Amino acid sequence: MTGELHEAKRPVSAALAGPYGHPFHPMLVAVPIGAWVASMVFDVASRFAPDPGFLAEGSKWLIALGVLGALAAAMAGFLDLFAIPAGTPAFRTGLLHMGLNLVITAAYAAGFLWRQAGTASDTAAGPVALGPLLLSAGSLALLVLSGYLGGKLAYRYGVRVADETTQADGFRR
């Protein structure tokens, strides 16, 4: 069992997934999370601003940025998943985390296309329509759940986290 635990901490490819103890996936997820949270702020603000068109347009492009960032994060995360021994609770959590993230990314991509189609209409300069706003809100709620699972992988199961001996180096005087 100890060998399997050690496996989950080592990258499949350090060049693609990040070196030992410093994975790329957690760094890359900041892009979609930040972009999608900001897009929700813009969505809500567009409902109250006197001239909401720029907020609706900004939100749409933040969603696109988030989708691109999510694809980059998914590539590194997929490599991290391969390091986890199959059949373990950590692997099952990783599969659920990945599946949720794929659904979330697809929902945001659909939301972008929905908004893009709406840009050609007469309401393009108006606030974000209720449908796309609710899709983004639901996607963001799922993102919170998926983030919880990602935290569980790192902080409970120690996936791609340096082992305790390596970590102890940071606490020596």
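Computed quantities for the displayed model
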| read-out | value |
| --- | --- |
| Near pairs, Cβ below 8 angstrom, 6+ apart or cross-chain, from the range 98-124 (at pLDDT 95 or above and surrounded by 13 or more Cβ atoms within 10 Å (Cβ to Cβ)) to any residue that is of a type in the set (Phe, Trp, Tyr) and assigned to a helix (DSSP H, G or I) | 98/78; 108/36 |
| Enumeration of residues in the range 45-56 that are touching a residue at least 40 places away in the same chain (Cβ under 8 Å), of a type outside the set (S, T, N, Q) and part of a helix (DSSP H, G or I) | 53, 55, 56 |
| Residue within the range 151-164 that is exposed (fewer than 15 other Cβ atoms within 10 Å of the Cβ), without any contact (Cβ under 8 Å) to a residue 40 or more places away in the chain and over 24 Å from the mean Cα position of the chain (by Cα) present | yes |
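The values are calculated or read from the model by the stated rules, or taken from the named source; none is laboratory data. All figures in this text were calculated on a predicted structure; none of them were measured in a lab. Positions of Cβ are generated from backbone atoms using ideal geometry, with glycine treated the same way; all protein chains shown enter the neighbour counts.
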